[in-house]
Amino acid sequence: MESESESGAAADTPPLETLSFHGDEEIIEVVELDPGPPDPADDLAQEMEDVDFEEEEEEEDGNEEGWVLEPQEGVVGSMEGPDDSEVTFALHTASVFCVSLDPKTNTLAVTGGEDDKAFVWRLSDGELLFECAGHKDSVTCAGFSHDSTLVATGDMSGLLKVWQVDTKEEVWSFEAGDLEWMEWHPRAPVLLAGTADGNTWMWKVPNGDCKTFQGPNCPATCGRVLPDGKRAVVGYEDGTIRIWDLKQGNPIHVLKGTEGHQGPLTCVATNQDGSLILTGSVDCQAKLVSATTGKVVGVFRPETVASQPNLGEGEESESNSVESLGFCSVMPLAAVGYLDGTLAIYDLSTQTLRHQCQHQSGIVQLLWEAGTAVVYTCSLDGIVRLWDARTGRLLTDYRGHTAEILDFALSKDASLVVTTSGDHKAKVFCVQRPDR
């Protein structure tokens, strides 16, 4: 695969790349990610001819369909106690599996649940904007496009739907195989998804031009578009990892055997400039991969760190697995969350374990706060915790759910945390930290 990796690296020279699709001759122009602070999304929006990027005020619709709910409204459960939340959204009638915030304004949330429903609602007061109707299986994926004009929902059976936020109208739908993950392209109206048949799909929305990336004959369990918008990393149930060229449709790198994992992949993340990839698996390993060379440059295991992969270790654990991971944006640190409740902070420059922060129950997901060394965790005990990765100290926690937290999202300015839970609720917490 080395020769393919060299040719893939050379493709980064032109300032403008295009992703070609089957169907007609339309293309999407994707502006190459600039390492500096300007956000290229606005430039891309001006170049897109087939999507209306004109924003309309949500307030112009006087629909009072939604409910404004008291945060303390009674829910019985085994974790009754104080409720630190500011807003509770309670229109779901079963476990709420996923949440995403609109990236443009961070004023809207979309949630999906086991009740086969998805809702778009306002964070400030929990008011319903509209229901994403028509799903007939649990909605496990939901998210807004890069410019917040579109919102996508996906259910376990593989039915994906896209809605235009300002008009509240469905503009596209597609039935793929059983859905494993879904993600919007970072700078274009392009939707990607991985399915149980091993395929990764890419659609131009709303016209539906489609491209597929065929993996091994096993589920594509996790995936992430790299920051350059030209490549995606996908992990599979057989432990292999593929880095795909989204324009050409071929794998630039394939990691398998000793380079891959010894069990299904559970999560994948990239650092800010896309040079490093971190993969996690039920084999309890987190692997640090160079996105340029496709080589494993580090392996992290619970309580031990190894700089090179070792096939002798990595047997699948019966009681533990990597559940979530991510890179700090301001320090060379990575966080790995395990099912046994361990949050491990690793120093990437020395590849050593820096801190181990213990939770009373399994970690479901972690998120780094942008521009700081603070990492947020949500766990099966229904609590959100904030940790200082420099010291390993618990800064604060937020409570209010009466069942496990299943997903959470963080606003760009880290002022709000939005959680979803097995208690059928989504909650909005205002983050107040004296150290900021």
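Read the figures in this text as sums done on the coordinates, not as results from a lab. No experiment lies behind these values; they were computed from the predicted model shown. Methodologically, a virtual Cβ is constructed for each residue, glycine included, from the backbone with ideal geometry; neighbour enumeration extends over all protein chains shown.
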Checklist outcome for this item: Here the gain from full extension of residue 356 to residue 218, 0.36 nm per residue of separation minus their alpha-carbon distance, amounts to 46.3 nm
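Is there a pair in 256/425; 104/256; 161/427; 247/427; 117/211; 136/256 whose C-alpha atoms are over 32 Å apart, and which pairs would that be?
Over 32 Å apart, Cα to Cα: 256/425; 104/256; 247/427; 136/256.
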Checklist entry - Arranged from highest to lowest average of other beta-carbon atoms within 10 Å per residue, in what order do the peptides 175-182, 336-343 appear? => result 336-343, 175-182
Item to check | Relative contact order for segment 81-211, counting Cα pairs under 8 Å that sit 6 or more residues apart, in percent | outcome: 15 percent
Next on the checklist: Can you compute the modelled spin-label distance between residue 258 and residue 137, with each label point 7 Å from Cα toward Cβ, in nm?
Outcome noted: 3.9 nm
Checklist outcome for this item: Rounded to whole angstrom, the alpha-carbon centroid of segment 219-253 lies from that of segment 267-307 at a distance of 14 Å
Checklist entry - Between residue 297 and residue 329, what length comes free when the chain is fully extended (0.36 nm per residue of separation minus the Cα-Cα distance, one decimal in nm)? => result 9.6 nm
Checklist entry - Arranged from highest to lowest average of other beta-carbon atoms within 10 Å per residue, in what order do the peptides 370-378, 390-398 appear? => result 370-378, 390-398
Item to check | Rounded D (µm²/s) - segment 81-211, Kirkwood Rh over Cα pairs, Stokes-Einstein at 25 °C, 0.890 mPa s | outcome: 166 µm²/s
Checklist entry - Given charges of +1 on the Cβ of Lys and Arg and -1 on the Cβ of Asp and Glu, with all other atoms neutral, how large is the dipole of segment 81-211 about its Cα centre, in debye to the nearest 20? => result 480 debye
Item to check | Whole-number percent relative contact order across segment 130-180, with pairs defined as alpha carbons under 8 Å at least 6 apart | outcome: 28 percent
Checklist entry - Using 0.36 nm per residue, how much length does the chain from residue 395 to residue 250 gain when fully extended, once their Cα-Cα distance is taken away? => result 47.7 nm
